[in-house]
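Asks: Please see the structure below; I have some questions.
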Amino acid sequence: MVWSVRSSANSATLLLTMIFPLLLAVGVIDTHAAAPSPRRAALSPPPQLRSDVDPIGALLAQQALENPQGAAPVVIGLSLQEARGRARFAIEISDPVDIHAFTLTGPNRIVLDMPEVLWRMPEEARPSGRGPIRNYRYGQFRKGTSRFVIELNQPMKVEKPQVLPPEKGMSFRLVLDLTSTTADAFAASAGWPKDAAGAPPAVATIAPAPPSGNRKRTIVVDAGHGGIDPGTHGAGGLQEKNVVLAVAKRLRDALEATGRYRVQLTRDSDVFIPLRERVSIARAAHGDLFVSLHADSNEKRDIRGASVYTLSEDGSDREAAKLAEKENMSDVIAGVDLSGENSPVASILIDLAQRDTMNRSARFAETVVTSLPVATQVRPTTPHRSAGFAVLKAPDVPAVLIELGYLTNDKDEAEMATDSWRGKVAQAIASSIDAHFAAETGLSVRQASVP
């Protein structure tokens, strides 16, 4: 079941055209008065517009009057009420927005898409975990689209969402009521809607690979997580998605400064990129190397230091397997439909028989482990590990995943927050890339010279 709260641009424009002269005549609009601030305008009761025919259109017409600059709406409050078989989310927002709600399975979750908003909630009402709601998260899904994902403990049906006008000192409220349903009914109505505004983004535009010969090597740098998926965080509030994006940009700059590399970032802003899209970007770019950057977490807060992972379905140990499972949940966290996952991934898993790619990945990982200690602490035991990371499954692109440190360790988090640390780590990784290709070139020359 898909519920959408939409407005017709034509109806809103027509309504605005009809009411503007009237509001001007009666003095509701003063063309000489200073424009109200967004917050004050949001809290002030709106003029009485005709909303019996098109209530959402009326709200959006009001928004056009109060916010002509088109600034992003601001989410300033969130409440959650749970009862047996029922739940209600009430999101307080400065301006009315179009919303689109639908459900997905595996695991069961509700996805709420809306135009890009700013999340500025001072406090959050967290679920007890014993009711219908397991958890929820929110953030930017892609450019222009924000997403609210609700994880369920039991099948729930989405009632038609409502946008309520300001009253009693509150701003607009987006109300979402959930009621219990059967597992069969939930499964039957779930799925990615064809007209959903938040469909997975297309692969980023990739420039064609330069011709062979003295070409620049193509390095694909993947800043993990992003947007609605923040990754892990430290006690001081530092978020993984921000740390790795900052290092990714520093690494890009360091590599491009040498003149020997062409660098493709999987993301260059705080947006979400599905795992399979990251793999597709690496392959479409004809990448010579794929470097995915992350930051780790651990219940034992004294554990610190960087580590490097390569792909293995078996994995090197239980901790590595647990980390891979957590990282591979990224798409679920962001509310991505996984029903079509088998098609691209099946061929990739079959192609993993290409052992050369995995061997080259392992050789590069050892080079990274050797280069990082000049910039940051490396885990003293088994810094090179292997696990079944989905993001490393491009069969024809050597790839590593670098955990830059542990945000759950106070010392690591403090270092990750500094520009100097980020610059040194980026330079160390760039040096390891130089050393890797120098070794590969030397190896190919020696092999060619053998009689």
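Every read-out reported here was derived from the displayed coordinates using simple, explicitly stated rules and does not represent laboratory data. Source: prediction; values computed, not measured. In this analysis, Cβ positions are derived from the backbone assuming ideal geometry, glycine residues included, and neighbour counts consider all displayed protein chains.
Asks: Using a 10 Å cut-off around each Cβ, can you sort Thr357, Thr258 from fewest to most neighbouring Cβ atoms?
Replies: Details: Thr357 19, Thr258 11.
Ascending number of Cβ neighbours within 10 Å: Thr258, Thr357.
Asks: What's the exposure ranking of His384, His436, His294, going from fewest to most Cβ atoms within 10 Å? The partial results should precede the final answer.
Replies: On the way: His384 18, His436 23, His294 26.
Going from sparsest to densest Cβ surroundings: His384, His436, His294.
Asks: Still on this structure, I have one more. Check which residues have an amide H placed less than 5 Å from Val74's amide H, if you skip close sequence neighbours.
Replies: Excluding prolines and chain starts, which carry no amide H, the hits are Ser94, Asp95, Leu118.
Asks: Ok, one more. Note down the net charge around Asp288, summing +1 for each Lys or Arg and -1 for each Asp or Glu among other residues with Cβ under 13 Å from its Cβ.
Replies: Details: positive: Arg215, Lys216, Arg217, Arg260, Arg262, Arg283, Arg360; negative: Asp396, Asp434, Glu440.
With Lys, Arg at +1 and Asp, Glu at -1, the neighbours total +4.
Asks: Continuing with this model, one more query. Quick query: amide H of Ala223 versus all other amide H atoms, modeled in the peptide plane; which residues come in under 5 Å with a sequence gap of 5 or more or a different chain?
Replies: For Ala223, whose amide H was placed from the backbone, the distant partners under 5 Å are Thr266, Arg267, Leu293.
Asks: Taking the Cβ of Ala254 as the center, what net charge do the other residues with Cβ under 12 Å away carry, scoring Lys and Arg +1 and Asp and Glu -1? Don't skip to the end; give the middle numbers.
Replies: Values: positive: Lys249, Arg250, Arg252, Arg260, Arg422, Lys424; negative: Asp253, Glu256, Asp434.
Here the charged neighbours net out to +3.
Asks: For the pair Leu118 and Thr258, how long in nm is the line joining their label points, each one 7 Å along Cα→Cβ?
Replies: About 4.1 nm, to one decimal.
Asks: For Lys168, Lys411, what's the fewest-to-most ordering of other Cβ within 10 Å of each Cβ?
Replies: Neighbour counts put them in this order, fewest first: Lys168, Lys411.
Asks: Where does the charge balance sit around Glu151 when Lys and Arg score +1, Asp and Glu -1, over other residues with C-beta under 9 Å from its C-beta?
Replies: Values: positive: Arg109, Arg134, Arg137; negative: none.
It works out to a net charge of +3.
Asks: Would you kindly state how much longer the chain becomes between Lys216 and Asp98 on full extension, computed as 0.36 nm times their sequence separation minus their alpha carbon distance, in nm to one decimal? Intermediate values should be presented prior to the final figure.
Replies: Details: separation 118, 0.36 × 118 = 42.48 nm, distance 4.55 nm.
In short, 37.9 nm is gained.
Asks: Please give, to one decimal in nm, the separation of the simple spin-label points placed at Thr382 and Glu440, each 7 Å out from Cα toward the Cβ.
Replies: 2.7
Asks: Next question, about the same structure. For a protection proxy built on the mean count of beta-carbon atoms within 10 angstrom, sort 306-312, 127-133, 422-428 highest first, please.
Replies: Numbers: 306-312: 24.9, 127-133: 14.7, 422-428: 20.7.
The densest-packed peptide leads the list: 306-312, 422-428, 127-133.
Asks: Determine the relative contact order of region 142-188: mean sequence separation of Cα pairs under 8 Å and six or more apart, normalised by residue count, in whole percent. Could the numbers behind the result be given before it?
Replies: Details: 48 pairs, mean separation 17.5, N = 47.
That works out to 37 percent.
Asks: Let me ask something additional. Counting only C-alpha contacts under 8 Å and six or more residues apart, can you give the relative contact order of region 59-192 as a whole percent?
Replies: It rounds to 27 percent for region 59-192.
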